[in-house]
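The values are calculated or read from the model by the stated rules, or taken from the named source; none is laboratory data. Not measured: the values here are computed from a predicted model. Note: ideal-geometry Cβ built from the backbone for every residue, glycine included; neighbour counts use all protein chains shown. Ligands, DNA and RNA are stripped out before the accessible areas are found, and what is left, the full protein with its side chains, is counted by its heavy atoms. Shrake-Rupley method; radii C 1.70, N 1.55, O 1.52, S 1.80 Å.
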Amino acid sequence: PIYSLGITNDAQRVRIGDYYRDFGVSSFKFYMAYRGEEAKATGNAYNTYDDGLLYESMEAIADIPGGIAMVHPENIEIIVRLQRRLRESGRSDLAAWSDSRPGFTEAENIRRALYLGEQVGCDVYIPHLSAAISLDAVIEHRARGTNRAYVETCPQYLTHDKNSSVGLLGKVNPPLREKADAEALWSALAAGQVDTVGTDHCGVRREVKAPDIWTAVPGFPGMATMLPVLLTQVSRGQLSLEKVVEVTSYNTAKIFNLYPAKGTLLPGSDADLVIIDLEMSRKVTPELLRSRSDFTIYDGFELTGWPVLTMLRGRIAMENGLTLAEPGWGEYRPRFGSAREEKRS
């Protein structure tokens, strides 16, 4: 996993340079959505984020070689008002959660974050982008902006929409969108407009996804199904295997200053390998995934293309679904970067 430090207050902001020099941390996350009551409801009451904090943090990050600001974008001031109206109307379905956090609230925050980054020369990484309108905002910025804008999406935004039968289990931030958004993101992924695919994995259990959409905990597991979801598209001829490698490994390593130790196979690189069976088809069940979570939004999906062996620095960590890695195998990697000379196109 790549860990970014969440900057939630000024005491942390003033130490951004220290975090880089002392620990090699070059990516920092900001939660534009988690303020006020939303912060309390999601366990982020300590977050004192405002745009001034983001701006001054971006100033510091711009001075770090390869530094990047990772921003969770949702306009919470609009969202809380929409939520109030929907709750008062009696809505409590999965679609109500999506309707209370429409795509334009994500897109507006993205435009603001990219604009602020441009003012100080700070590159910006948008995690878990969910809406076509948000992607449009990034593409427009890339055409004229002077700082780089990277995009990550997640499997759930490619495979599910707000009318999905998963119900409360599908509550997540940002929320599931329309079917047209999923189709647009698949096209953008194949076209290279999406840089990475992550999971936003939350190992929660079914019991916290209740009793209603307004109080259920957001998030769900996703690590074990990410590759099969993408590889299924490969088996259908709708995505290249090379593109899967790029968005799950190569691009990520380049963006987060882990290349060439990670993301490639060159002399001196780590021997981190995933061996896959492109023809293996399996029906997804919670038991199959061996997760702490007792549910999956892919329950019953038939996915084709599964990892059968994983190597970590040349040692077999997983084989045929069984974890062989032992405690202590992990290794901390500082991520000291070099200055990016060319704007991302």
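What the table shows:
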read-out: Alpha carbon Rg of region 214-345, scaled by the compact-globule rule 2.2 N^0.38 Å; value: 1.20
read-out: Residues with amide H under 5 Å from that of ALA317, placed H, sequence gap 5 or more; value: THR310, MET311, LEU312
read-out: Reach of LYS209 by Cα under 12 Å, taken over aspartates and glutamates that are not fewer than 8 positions away in the same chain; value: ASP294
read-out: Computed log₁₀ I(q)/I(0) - Debye formula, equal Cα scatterers, no solvent, the chain, q 0.14, 0.15 Å⁻¹; value: -1.28, -1.47
read-out: Helical mean residue ellipticity (222 nm; -39500 (n - 2.57) per DSSP H run of 4+; nearest 500) of the chain; value: -10000 deg cm²/dmol
read-out: Compactness of region 115-208, expressed as Rg and Dmax over alpha-carbon positions, Å; value: 14.6, 47
read-out: Within the chain, percent of DSSP bridges classed antiparallel, to nearest 5; value: 50 percent
read-out: Sulfur and carbon atoms: percent of accessible area, the chain [1.4 Å]; value: 52 percent
read-out: At least 24 Å along the helix axis (C-alpha) and Kyte average at least -1.0, DSSP helices within the chain; value: 103-120
read-out: About the Cα centre, charge dipole magnitude for region 122-231 (Lys/Arg +1, Asp/Glu -1 at Cβ), debye; value: 180 debye
read-out: Contact order relative to length of the chain, as percent, for alpha carbon pairs under 8 angstrom and 6 or more apart; value: 15 percent
read-out: Mean Cβ neighbour count within 10 Å, used as a protection proxy, ranking 213-226, 59-72 highest first; value: 59-72, 213-226
read-out: Rounded to the nearest 20 debye, dipole of the chain from Cβ charges on Lys, Arg, Asp, Glu; value: 220 debye
read-out: Size-normalised alpha-carbon gyration radius of region 1-122, reference 2.2 N^0.38 Å; value: 1.17
